[in-house]
Amino acid sequence: MDQLRVAFAPGVTPDKWKRVWRERHPRLPLTLVPVEADEGREVLDEDRADMALLRLPLDRERPTALHCVVLYDELPVVVAARDHWVAAAGDRDEIPLEDLAGEQLVLPHPSGWTPDVEQLTFPPMSVKDAIEVAASGTGVAIVPMSMARLYHRKDATHRVVAGLDPTQVALVWHRDADSPLHQDFVGVVRGRKASSSR
C-alpha cells in the first residue's frame, strides 16, 4: 500500500487526523476523498477508498462485512428561514420535536419521523439543496449540526431539536482488508499515542 485513502462525508472534518498521520507516517500519504452524504459504503465497495468516515446507519454486512468504530455523535438541528418562528428561539434554546408537528419537512428524516400535517411532495434533494429550500421559507429541514454549519446561509437559521436521537459518525472499512495500517489510523482517530499498544 503506497497510500491510505480515507473517504469522508460532508461536515466531517478529518484534517486534524491527517496532520497526526503525517507526523507518524511521513512517507505514506493519507489521501482524503470527499464523498456525497448519500454514497455510504459504496465508496469502499467500489475501491475508491480504504476506509471511510460516514454517518450511520449503514448496511455493515452486505456485500461484505465492515469493521465499524463509532467516533462521536452529532446533534440534530432544524433549519428554517430567518423570519420563521424557529429563529425567535434563543441560540441556546432547544426546539421540542412536537413543536415541529405542523411544519413541512423538505427532506425526509433518516429516523422516519414526519410532522402530523399532510406533507407536500418534494423532489429528492441533497442536504445543501434542502437547506436552500428551507431558507426560502417553503418548509424546514432537520439535519446534523455539522451539515447545517457547513452549508450555512445568511437567510437561514438553525436550532437544536430535542426528542430526536443524535446522528453517529463512524470509521468503517472492510473486515477482509484489515491491516496494521488500518489499525494505525484507528489509533489516530481514537487519540492513541504512537507508542500505545492496541
Problem - So residue 165, is it over 16 Å from the mean Cα position of the chain (by Cα) and of a type in the set (Asp, Glu) - result: no
Handout entry: Condition met for residue 2 (on the phi > 0 side of the Ramachandran plot and in a loop (DSSP other than H, G, I, E, B))
Key = no
Exercise for the section: Please work out if residue 168 is open to solvent by 50 Å² or more (accessible area, probe 1.4 Å), not in a loop (DSSP other than H, G, I, E, B) and not charged (D, E, K, R). Expected result: yes
Handout entry: Residues of the stretch 30-46 classified as open to solvent by 70 Å² or more (accessible area, probe 1.4 Å) and in contact with a Ser or Thr (Cβ under 9 Å, 6 or more places away or on another chain), total
Key = 2
Exercise for the section: Among the candidates 82, 22, 27, single out the residue that is open to solvent by 50 Å² or more (accessible area, probe 1.4 Å), at pLDDT 90 or above and touching a helix residue (DSSP H, G or I) at 6+ places or on another chain (Cβ under 9 Å). Expected result: 82
Handout entry: Odd one out for residue 57, checked against (1) in a loop (DSSP other than H, G, I, E, B); (2) within 17 Å of residue 14 (Cα to Cα); (3) touching a Pro at 6+ places or on another chain (Cβ under 8 Å)
Key = (2)
Practice task
Read through the list (1) outside any strand (DSSP E or B); (2) among the small types (Gly, Ala, Ser); (3) buried (at least 21 other Cβ atoms within 10 Å of the Cβ), then give the number of the only condition that residue 137 fails.
Solution key: (3)
Problem - Boolean, residue 49 is within 15 Å of residue 170 (Cβ to Cβ), in a strand (DSSP E or B) and open to solvent by less than 40 Å² (accessible area, probe 1.4 Å) - result: no
Practice task
Determine whether the stretch 100-119 contains at least one residue that is in contact (Cβ under 8 Å) with a residue 40 or more places away in the chain, open to solvent by less than 20 Å² (accessible area, probe 1.4 Å), hydrophobic (A, V, I, L, M, F, W, C) and touching a Gly at 6+ places or on another chain (Cβ under 8 Å).
Solution key: no
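The values are calculated or read from the model by the stated rules, or taken from the named source; none is laboratory data. Bear in mind that the values here come from a model prediction, so they are computed numbers and not experimental data. So basically every Cβ, Gly included, is an ideal-geometry build from the backbone, and we count neighbours across all protein chains shown. Surface areas here come from the heavy atoms of the whole protein model, side chains and all, with no ligands, DNA or RNA. Shrake-Rupley method; radii C 1.70, N 1.55, O 1.52, S 1.80 Å.
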